[in-house]
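The values are calculated or read from the model by the stated rules, or taken from the named source; none is laboratory data. Because the structure is predicted, anything quoted here is derived from the model rather than measured. Note that each Cβ is placed from the backbone with ideal geometry, even for glycine, and that neighbours are counted across all protein chains shown.
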Amino acid sequence: MDIDPKSLEFKEICALYGAAMHMAQVLEHGIVNALCFLDFIPNRKSTWTDEEFEKFFDGYFSKTFGVLVQSLRKVTEVSDAFDDLIRESNKQRNYLAHAFFRENMDVLYAGGFDQVAYRLHENIDLFQRTDGALTVILEPLWMKFGWTTESIEAQAELYKAALRG
């Protein structure tokens, strides 16, 4: 059986793959944000410049997921449950980035679209659960700076509206 790249099944797999990688990147961004709250802000004795802020984020966004996780562990203790989630997320993110299509093409050729789609849904769920657990770690820090989940979500909505023009 050949896989038609125009088939709805294959397009669905590609869309799910994209969604899984997107959620992995959301988690990566969340870790960098956590490092900002746990390391950058507390270690500044005065206000910082835009250049320092951008340099901090650019530096961390150039690092691998594994290095981000190691950096997070250096600045805060995490529960065993969170550590398990982050380890599995790192493993699955690396699998998606480096082996997913190579290892799943035979399954897809054999018609196993549902099996592959199910695993991608599991990855999406894993990244979302891990990001949620990271939010639980960060919420007390947000409160310290006068932020709430609601105010952050409100700012995100304003940002989205500004992007739409």
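For residue 150, are the conditions met, namely being loosely packed, with under 11 Cβ neighbours inside 10 Å and in a helix (DSSP H, G or I)?
Details: loosely packed, with under 11 Cβ neighbours inside 10 Å: yes; in a helix (DSSP H, G or I): yes.
The answer is yes for residue 150.
Where in segment 1-103 are there helices (runs of 4 or more DSSP H), lying fully within it, with 1 or more residues that are surrounded by fewer than 16 Cβ atoms within 10 Å (Cβ to Cβ) and among the acidic types (Asp, Glu)? Step through it out loud before you land on a result.
Working: elements: 8-35, 50-61, 65-75, 80-98.
Passing ranges, in order: 8-35, 50-61, 80-98.
Can residue 96 be described as closer than 22 Å to residue 142 by Cα and at pLDDT 90 or above?
Working: closer than 22 Å to residue 142 by Cα: no; at pLDDT 90 or above: yes.
Answer is no for this residue.
Checking residue 111 against (1) of a type outside the set (A, V, I, L, M, F, W, C); (2) at positive phi; (3) part of a helix (DSSP H, G or I), which single condition isn't satisfied?
(3)
Across segment 122-147, what is the number of residues that are within 17 Å of the chain's Cα centre (by Cα) and exposed (fewer than 13 other Cβ atoms within 10 Å of the Cβ)?
Number satisfying all stated conditions: 4.
For residue 12, only one of the following conditions fails: (1) modelled with pLDDT under 90; (2) more than 24 Å from residue 133 (Cα to Cα); (3) in contact with a helix residue (DSSP H, G or I) (Cβ under 7 Å, 6 or more places away or on another chain). What is its number?
Of the numbered conditions (1) modelled with pLDDT under 90; (2) more than 24 Å from residue 133 (Cα to Cα); (3) in contact with a helix residue (DSSP H, G or I) (Cβ under 7 Å, 6 or more places away or on another chain), the odd one out for residue 12 is (1).
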